[in-house]
Every structure is written in C-alpha cells, then in structure tokens.
Amino acid sequence: MQERAKQRIFILGSGGRLGAALMKEWKELYHLKLVALSRKELDFSQPEAALEVFKKYELTEKDFIINCAAMTHVDQCEEEPDLAMKVNATTPRLLAQLAADTGTRFLHVSTDYVFDGKLERPYQETDQPHPISHYGASKLAGEQAVLESSPHHFATRVSWVFGPERPSFIDQIVERALTNDQVAAIDDKNSSPSYTKDLAEWFQVFLKPEIAGGIYHLCNSGTCSWREYGEYALQVAARHGMPLRTTSVVPLKLSEMKNFIAQRPQHSALDIKKFTTLYEKPLRSWQEAVEEHVRSKL
C-alpha cells in the first residue's frame, strides 16, 4: 500500500503510558500511518503555540487524532490549577476545534475523576459528573470542550491505567514486596483498572466512521480496591516464582492519607455496558489483565 493511501493517526502525548502503548501496539497495523507527538513536539502548557504547531500538519477528514496528553498528577493539579486547566482543557479545546473545522475526528482521553465517588454502583456515561479536585475539574472541562466542538468527537473515560510502558501502582507494590515484610494500600477506595494493551485494542473501534461520537467508558471488567488490586498482583508474582517477602497487603483508610493534597473520589468504578455493546464481546477482567501484565515482567 502506498504511504499516501494510509490513514494518519495522530497520537498526542505519545511519550506517556497510554500514548506509548498505542505506538507500540498499533505499529503492526500497516493500513495506518502513526504520527507521534510527545510533549517535546507539542507542549500542552502553551495552548496557542501548540495550536500553531498542529496547524502545520494540514489535517484532512481522513485523519484521526487521539489525545493522550494530560497533566495527571492529582496533587500537582491542586497546587497549580491554572496550569492544569491549560493542559487538560484549553489546549484540547483549541485542537479539537481545529479538528472539527477540517472534519477530523478527535478522541480525548478523560478520567473517572470527573465524578465525586459518592455513587456506590459503577458510573454510567449518563451520570452527572461532579469533580472534587482541580484535576477532575480540568479533565471535565476538557471533555466538555472537545464534545462541544463537534458531535463526532469522543471522550473516553479510563481509570487506574497500568501497562508495561511505564511503572504503575502494581509494579511499585511488587517492587516493595521484594524487600519489605509488609506493604500497605488503601482498602476503602475502589475503581476499575484499565490495561494499556487492552485499551489499544479497544480504541481501534473508534476508527470506524459509523461509530457515533460522545462519551464512552473503557476499562477492564470488575471493580477492586487499591489493596485488592495490589494483593492480586503479589499473588500472581509469587505464583510465578518471584521471591517476595509478603503476598498480603495491609489495609489503609483513604482518610489516613495525610500526604494527599487533593480529594480523591472513593467509589469511581466505570460502567462499560455501552462500549461492550459496540465491541460485541465481553471486556476481559482486571484480574486477567493483571495476570498478563505481571507475567510479562518476569
């Protein structure tokens, strides 16, 4: 296939955990031409400059944009709310509007932190967001701006993202258990982990032109606490011969985390029925995903 016949896929934030996963998992999709734009090429903290850089790519309606770029450090967002709003909302708004003007579809990656965590069932796309941190507020402003710029754009909410591209919570807890007799994690905060390898597969669905724009929740099936999440990873690692000093995780309470600056939603699991219907098969469980991830690190 000639190069010019390939669909261009722009991966914004290609240096992050999810962006790097997309670059890795999609490189074998020969009908696509991946364009990686990391913070070095496209600095979201400089909205107007980022827009001018992106204009040079002369977008067409055949292109597709996936925005993985974000300021995700929750406490830093609390301390620097103006910067968080620039990175998570202002720049996505400008780029999404540019995409809308050229008929290019734009997929914006958002978060479970747009919810306050007071609902004790998994959140559906139709539930009213109510962020309780500057991070959540900036991400909500970003997804709203993207969707307002075109009915054909997407906001995909993910949660507790983990994968081989960058260390995450479960990698850190396994590492600690190699040298410590006791490890601990929060037991009264729960959500739905999202494995980058799975997200990369699921995101391919949105490349189909017939898929309606709007909000979609994407994560592995099931719900767990941080403690359950970490303990399962330890059990998998030990089962496969890793010399851990413990396979249990001491429970902590969210209220005990005095080093947290921003509030965190306590119950932010995401309901995935809407996307599962599109995908036409069940999304695998977070346990299966953690098993694969831990085994891949051995």
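The values are calculated or read from the model by the stated rules, or taken from the named source; none is laboratory data. Keep in mind it's a predicted model, so treat the numbers as computed, not measured. Every residue, glycine among them, receives a Cβ derived from its backbone with ideal geometry; neighbour counts consider all protein chains shown.
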Exercise. Could we say that Phe169 is under 25 Å from Lys118 (Cα atoms) and out of contact with any Pro (no Cβ under 7 Å at 6 or more places or on another chain) here?
Worked result: yes
Seminar exercise, completed: Every listed condition ((1) assigned to a helix (DSSP H, G or I); (2) of a type outside the set (S, T, N, Q); (3) over 11 Å from Ser138 (Cβ atoms)) holds for His108 save (1)
Problem set entry | Within region 191-298, helices (runs of 4 or more DSSP H) holding 3 or more residues that are within 22 Å of Thr72 (Cα to Cα), in contact (Cβ under 8 Å) with a residue 12 or more places away in the chain and of a type in the set (Ser, Thr, Tyr) | none
Exercise. Would you say Ala50 is surrounded by 16 or more Cβ atoms within 10 Å (Cβ to Cβ), at pLDDT 95 or above, within 12 Å of Ala69 (Cβ to Cβ) and more than 19 Å from the chain's Cα centre (by Cα)?
Worked result: yes
Exercise. Restricting attention to region 129-137, does a residue exist that is surrounded by fewer than 23 Cβ atoms within 10 Å (Cβ to Cβ), touching a Gly at 6+ places or on another chain (Cβ under 9 Å), without any contact (Cβ under 8 Å) to a residue 40 or more places away in the chain and assigned to a loop (DSSP other than H, G, I, E, B)?
Worked result: yes
For this session: Being exposed (fewer than 15 other Cβ atoms within 10 Å of the Cβ) and in contact with a helix residue (DSSP H, G or I) (Cβ under 9 Å, 6 or more places away or on another chain) is the filter; apply it to region 30-44 and report the residue that is nearest to Ile261 (Cα to Cα).
Result: Glu41
For this session: Check Ala21, Ala70 and return the single one that is surrounded by 22 or more Cβ atoms within 10 Å (Cβ to Cβ) and farther than 23 Å from Ala89 by Cβ.
Result: Ala21
For this session: May I ask you to verify whether Lys55 is loosely packed, with under 15 Cβ neighbours inside 10 Å and closer than 28 Å to Pro167 by Cβ?
Result: no
Exercise. Can Pro265 be described as under 20 Å from the mean Cα position of the chain (by Cα) and farther than 21 Å from Pro167 by Cβ?
Worked result: yes
Seminar exercise, completed: Note: among Leu147, Leu234, just one is closer than 25 Å to Gly19 by Cα and modelled with pLDDT of 95 or more, namely Leu147
